[in-house]
Amino acid sequence: MVMKKETISEAILNERIIQAKEIYKKDIIEFKQIGYKFINGEISSSEFKAASGRMGVYAQRNGQKFMLRLRILSGVSDFKTMKLIQDFTRDYSLDFIHFTTRQTIQLHNLEFDDLIEIMEKSLKRTLISQGGGGNFPRNVSLSPLSGVEQGEAFDVTPYAVLVNKYFLSQMNTYRLPRKFKAAFSNNERDSANASIADIGFVAVNKNGQKYFQVYIGGSLGPGGDISVPYDDLIDPKDIFYHIEAALHLFQAEGDYHNKGKARMRFIVKRMGRENFLQCYKEHLEYVKKTRKLDYELSNEYSVTIPDVGRKGSGNYPDVISQKQKNLYSVVLHPQGGILSSKDLDSLLCFLDKIPDAQIRLSMEESMVIRNLTSVQAEELLVLTKEIRNSTKLSRSVSCIGTPICQIGIQSSQELLENILNHFRKMDFAEDILPAIHISGCTNSCARHQMAQIGFQGKKKRVDSIVTDVYSLYTGGNITPANPIMAKSRGDLKSDDIPGFLYDLAVLLRNRSLEFDEFIKMYEAEFENFLGKYLV
């Protein structure tokens, strides 16, 4: 058996991506013709989606406007990239951009010709949409505070970005049964959701040495489940063996015929967790015998220490103290992840004056501005006071939903707006409820299945009338030490949800309890309380 030797580095992958861009250019030309056929009614929406998903494009509900998902590698952005996106909002009259739960940026309400132009312009700047959908490796998720978070095991940014570029450099070669998601978390908080990924890596510092805990075969959606933990910590030098082993297993055992059963989690269910892990080890052994996968990390993602100059107080809401002394990160969470073009303009005008600032996108639809002095953090707080959301409830996560999403069932953004408006109407500003996660359909784009409080949109006959309802999920937890899928509690009318949450918040305030404490201590009482709202 001949061993194939490979060295993986950012320089090598960047060169491969340049070569792959020539293929992607041709893909855009071919896709343009498919799009015209769809617009002219010559092919169906399902036929269009089969071609558009791999391009990071989806038709919106009316079939006349389109959405483009731009792959911000692991949510690691910079001023130039955001400036390019700002140019798109200006050139194509876009009212907003949408931060997604996969650390990408979506542009909505695009005319098809404008969409093609944006794809072509983005490709020149290596802001690539290919693999943004379809049966491909998706954006590799990353803890947004990696590199600056106090108490992290170590910075996993260079690992995540390198794997992302590895995927991107050969995106056109993948023939997978379904989407494939990888994740890198910098500590046990698992803010990148590694413990529910197809392949996830959680950083561990043991006796001063760097390791990863690996997780395999998890994902959300119908039949969703927690990943299977690998039974040994691994040396970081072995990450690409595990990436390739997971892909190898997926291609060998995945279902290419039944899309609804094609994710890796269904292989786990078919085999059982123990047999699946043994199968994974066999694929890992094969990869190690046939390939030598060495890699070199880049240090370009490290923090540059600016001149702090005059110090502010350092005590502010929405500000996180970094492990770098006297530096701070500010979390900006526009409602539902939707940032207006006007607010984007103001933000970039501010960031243009701070070359050392770093930009990260989170899986909670937030933007994190890192590496700020306390004075800069104060200035940013003043600038963004109208769009920042400081309570956990106001930082809730929502997919884009109807009327934009083609497969959406409910308007998740509208529900979130109604909830927050009801709390304002009732003059209730206390930070009591957790962030809620709202998915407009069964796809779990907002990860409602892992939330303390989650909602999944659907239709249901209530008193013989088709009614807008949401299934309620409670008790989810994402930390690898105790990952728990949320429990389905039944259905509530969409119109009743704001009142239900307000009444719940009042109940918790009167008991001086957090929501997770309440349902653990008073399960029967919660079920009795909930019963008044179920349909």
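The values are calculated or read from the model by the stated rules, or taken from the named source; none is laboratory data. Predicted model only: the values in this text are computed from it and were never measured. Don't worry about glycine lacking a Cβ; one is built from the backbone with ideal geometry, like all the others, and counts go over all protein chains shown.
Please verify whether ARG90 is closer than 26 Å to SER141 by Cβ and not assigned by TED's automatic domain parsing to the domain that holds LYS237, treating the condition exactly as stated. Break it down into steps so the answer makes sense when it comes.
Values: closer than 26 Å to SER141 by Cβ: no; not assigned by TED's automatic domain parsing to the domain that holds LYS237: yes.
Criteria not met by ARG90.
Counting only residues that are under 19 Å from the mean Cα position of the chain (by Cα), surrounded by fewer than 21 Cβ atoms within 10 Å (Cβ to Cβ) and assigned to a helix (DSSP H, G or I), the range 363-394 holds 1 of them. Checking each residue in the range 20-34 for being touching a residue at least 24 places away in the same chain (Cβ under 8 Å) and either charged (D, E, K, R) or out of contact with any Leu (no Cβ under 8 Å at 6 or more places or on another chain) (or both) picks out LYS21, ILE23, LYS25, ASP27, PHE31, LYS32.
Report, by residue number, each residue of the range 170-190 that is part of a loop (DSSP other than H, G, I, E, B) and surrounded by fewer than 24 Cβ atoms within 10 Å (Cβ to Cβ).
We begin by selecting, within the range 170-190, every residue part of a loop (DSSP other than H, G, I, E, B); these are 170, 174-179, 181, 186-190.
Result: GLN170, TYR174, ARG175, LEU176, PRO177, ARG178, LYS179, LYS181, ASN187, GLU188, ARG189.
Looking at THR442, THR479, just one residue is in contact with a helix residue (DSSP H, G or I) (Cβ under 8 Å, 6 or more places away or on another chain) and hydroxyl-bearing (Ser, Thr, Tyr), and that residue is THR479. Counting only strands (runs of 3 or more DSSP E) that fall entirely inside the range 47-133 and contain at least 1 residues that are farther than 18 Å from LEU347 by Cα, under 22 Å from the mean Cα position of the chain (by Cα) and at pLDDT 95 or above, the qualifying elements are 57-59, 66-70, 105-110.
Just one of (1) within 24 Å of THR157 (Cα to Cα); (2) of a type in the set (Ser, Thr, Tyr); (3) in contact with a Pro (Cβ under 6 Å, 6 or more places away or on another chain) fails for SER390. It is (1).
The C-beta contact set for the range 232-247 (first residue hydroxyl-bearing (Ser, Thr, Tyr), second residue at pLDDT 95 or above, distance under 9 angstrom, 6+ apart or interchain) comprises TYR241/ILE234; TYR241/LEU284; TYR241/VAL287; TYR241/LYS288; TYR241/ARG291; TYR241/LEU293. Per the conditions (1) surrounded by 19 or more Cβ atoms within 10 Å (Cβ to Cβ); (2) free of Cβ contacts under 8 Å to residues at least 40 places away in the same chain, the sole criterion not satisfied by SER93 is (1).
Every residue, every condition in (1) at pLDDT below 95; (2) aliphatic (A, V, I, L, M), yes or no:
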residue	(1), (2)
MET426	no, yes
PRO434	no, no
ASN477	yes, no
ILE484	yes, yes
LYS493	no, no
GLU514	no, no
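If you check GLN150 against the conditions, is it part of a loop (DSSP other than H, G, I, E, B), surrounded by fewer than 21 Cβ atoms within 10 Å (Cβ to Cβ) and not assigned by TED's automatic domain parsing to the domain that holds SER362? So that I can check it myself, show each step before the final result.
Values: part of a loop (DSSP other than H, G, I, E, B): yes; surrounded by fewer than 21 Cβ atoms within 10 Å (Cβ to Cβ): yes; not assigned by TED's automatic domain parsing to the domain that holds SER362: yes.
Spelling it out, GLN150 is indeed part of a loop (DSSP other than H, G, I, E, B), surrounded by fewer than 21 Cβ atoms within 10 Å (Cβ to Cβ) and not assigned by TED's automatic domain parsing to the domain that holds SER362.
Only a single item in (1) assigned to a loop (DSSP other than H, G, I, E, B); (2) aliphatic (A, V, I, L, M); (3) more than 27 Å from LEU110 (Cα to Cα) is not met by ILE400, and it is number (3).
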